[in-house]
Amino acid sequence: MLLTQRGAERLRKEDRERLDRHRLEDRKHAQDTQVLEGRRASYARINAAARSARDALVSCGIELRKTGRIEPETGAALDSVWAAYVSQHAEAQMSVSDEVLVALGAVNGSLRKMYGLVQDLRRGTPDREATMRELDRRSDELWDRLTLARDEMRRSLGITSSAWQLDPAQDTA
């Protein structure tokens, strides 16, 4: 009888330990899922904000080319989109992987340079044509940087394993 009680007690203890392990695994899985979802949401926000900033900057360049100036509504839209981008970039710096942070740094550098060029053009830079050419060049190279950042984000999330690479010969930022 004593052996039976000990055997039953041992089985109950093993059951409790197994249940505890399963609970810990479930909590760990839920925590990992929450972190991944938070990162995915952050990636989506920064990707959208960067692309919106690029679109607004390109629109300013088109308007400058067509009319020689930026209309107040276009300037206000740029300022709004830019503020949203800066905020999202600051948030992303606290949640993205190291590899994504590097790719976003390249995007940020290009966007900031483009923003500075547009601001120079808004104020009336003395070398307007050279500034417009630089803005066009930066706009073209930014697509590659945005694509690289998006691919790094997808890789970080485990969505893809593609290895698209920026051509270092074109990287002059």
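Annotations for the structure displayed:
The rows are residues; the columns are (1) part of a helix (DSSP H, G or I); (2) within 21 Å of VAL107 (Cα to Cα); (3) open to solvent by less than 70 Å² (accessible area, probe 1.4 Å).
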| site | (1), (2), (3) |
| --- | --- |
| ASP32 | yes, no, no |
| ARG69 | no, no, no |
| GLU73 | yes, no, no |
| LEU78 | yes, yes, yes |
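- Test: residue in the stretch 46-67 that is among the hydroxyl-bearing types (Ser, Thr, Tyr), buried (at least 17 other Cβ atoms within 10 Å of the Cβ) and without any contact (Cβ under 8 Å) to a residue 40 or more places away in the chain: yes
- Boolean, GLU37 is open to solvent by 70 Å² or more (accessible area, probe 1.4 Å) and not aliphatic (A, V, I, L, M): yes
The values are calculated or read from the model by the stated rules, or taken from the named source; none is laboratory data. Because the structure is predicted, anything quoted here is derived from the model rather than measured. Note that we place each Cβ from the backbone using ideal geometry, even for glycine, and neighbour counts take in every protein chain shown. Side chains included, ligands, DNA and RNA excluded: accessible areas come from the protein's heavy atoms. Shrake-Rupley method; radii C 1.70, N 1.55, O 1.52, S 1.80 Å.
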